[in-house]
1. What's the angle, to the nearest 10 degrees (0 to 90), between helix 24-33's Cα axis and the longest principal axis of the chain?
2. Among ALA64, ALA75, ALA142, which one shows the biggest mean-square fluctuation in a GNM of the chain, springs joining Cα atoms closer than 10 Å?
3. If r is the Cβ-Cβ distance from LEU28 to ALA145 and R0 is 41 Å, what FRET efficiency results, to the nearest 0.05?
4. Which order do VAL46, VAL119, VAL8 fall in if you start with the one that has the fewest other Cβ atoms within 10 Å?
5. Be a star and scan segment 75-107 for residues whose amide nitrogen sits under 16 Å from the point 7 Å along the Cα-to-Cβ vector of SER12.
6. Across segment 1-145, how many lysine pairs separated by 8 or more positions, or lying on different chains, have Cα atoms within less than 17 Å?
7. With an 8 Å Cα cut-off and a minimum separation of 6 or more residues, compute the relative contact order for segment 23-82 in percent.
8. Could you work out how far apart the two model spin labels at SER136 and GLU92 are, taking each label as a point 7 Å from the Cα in the direction of the beta carbon, and quote it in nm?
Amino acid sequence: MDLNQWYVKGMSVDDYIESMEKHKENLLHIYDHFTPPADDAFFQQVKEKNLRVIILTEDWCGDAMLNMPILLHIAAKGGIDTRILLRDENLELMDQYLTNGKSRSIPIFIFIDQDGNEVAKWGPRAPKIQQFVDESRSNLPAKDAPDYDEKMKELLFFMTKSFRDNTDFWDEVYESIRQTLRNAIEN
């Protein structure tokens, strides 16, 4: 399938949010409390490109919980039509967007033009968020340690709370997506 076909296959944002079971409340919290900066010139440039975006995601993903609400604001202001595909049901597409050539990390945002050509790709994390995750994970015990599972659960709780409440993270995600789009628009 080409990217236009994948886009058509995708579900609407509303349908996806209605189907959510794990991170719906947190995603909506970020959406309701994040306000994109006044960036009229940028949003006008995005509108002129007439872009669409395919989001590869899953409800259980904390990164998606953080990144999607920010993208949805950018999409609304930039006139970007949005469709969502579940990663685990669309591995053929996911495997074309592996992180570091091996990991099915999500979310992945695939920006396409009206002809279905890829214009830009973003995900799964903004660089400063990746640094936070790497530093947080560096404190975990070895995977074969008896307390690994417990420490991993604590870490996931901490990261989820940080993603939900740290507005600096929201700004980092916004700037990272914005830069990706700006680079695509200017080329």
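What follows draws every value from the coordinates through simple rules; no lab data is involved. Just so it is clear, the structure is predicted and the values come from calculations on it, not from any experiment. Glycine gets a Cβ as well: all are built from the backbone with ideal geometry, and neighbour counts include every protein chain shown.
1. 60 degrees
2. With Cα springs under 10 Å in the chain, the top fluctuation among ALA64, ALA75, ALA142 is at ALA142.
3. The value I calculate is 0.70.
4. VAL8, VAL119, VAL46
5. 76, 80-85
6. 4
7. Normalised by residue count, the contact order of segment 23-82 is 53 percent.
8. That separation, rounded to one decimal, is 3.5 nm.
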